[in-house]
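Enquirer: Here it is, the structure, as structure tokens.
The values are calculated or read from the model by the stated rules, or taken from the named source; none is laboratory data. Keep in mind that this is a model prediction, so the values were computed, not measured. When we count neighbours, we look across all protein chains shown, and the Cβ atoms used for this are built from the backbone with ideal geometry, even at glycine. With ligands, DNA and RNA removed, areas are computed over all heavy atoms of the protein, side chains included. Shrake-Rupley method; radii C 1.70, N 1.55, O 1.52, S 1.80 Å.
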Amino acid sequence: MICPVCKSDMIVVEHKDIELDYCLECGGVWFDSGELTLLLKSMDLESQNLYLKNIINSPEAESQEKKQRCPLCGYKMKKVIMGQQPGLLIDVCDRGDGLWFDGGELSQLLKQLAEKPEGKQGSQQEVINFLQEVFLAPE
């Protein structure tokens with residue numbers, strides 16, 4: 001897959017059945033919609049299956065950031081606020097292909113998740129730990 005930001009080849013990072021596309025150049029991460037569903041299932045959050053639909057249906061955030069093209073369908077993605085305050089501005093494919101996190105955004109979201117003590121049991125903590133190991137930049 002080609003990075004929508006810097007146009008470099010991305011690598012695939014795999015954990016169990018979840019394959020995330022990661023750009024070594026800019027640090028961006030692409031979640032296919034199916035990968036997000038698998039991630040939620042691995043965290044015992046099957047009921048959150050509507051999560052992606054909620055994000056896709058979220059109103060577009062006002063931003064001066066350039067709109068990126070979806071690496072799968074090629075259409076421009078919309079900007080959506082995700083997470084707690086301060087919210088993260090991520091790119092979402094309107095067609096449901098997936099989510100794009102610019103370099104550092106996924107680690108910010110993971111830090112927010114790590115601050116929430118409830119719901120981090122077993123497989124949820126395992127997935128959070130994996131994503132932190134792979135995507136948290138050294139400070």
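Enquirer: Cβ-Cβ under 7 Å, sequence separation 6+ or interchain: first residue in the stretch 13-35 and more than 12 Å from Cys3 (Cα to Cα), partner small (Gly, Ala, Ser) and not in a strand (DSSP E or B). Which pairs?
Expert: Sorted first by the residue in the stretch 13-35, then by its partner, the pairs are Lys16/Ser42; Ile18/Ser42; Ser33/Gly96.
Enquirer: I'd like the residue in the stretch 45-66 that is open to solvent by 100 Å² or more (accessible area, probe 1.4 Å) and not in a helix (DSSP H, G or I) and, out of all such residues, is modelled with the lowest pLDDT.
Expert: Asn57
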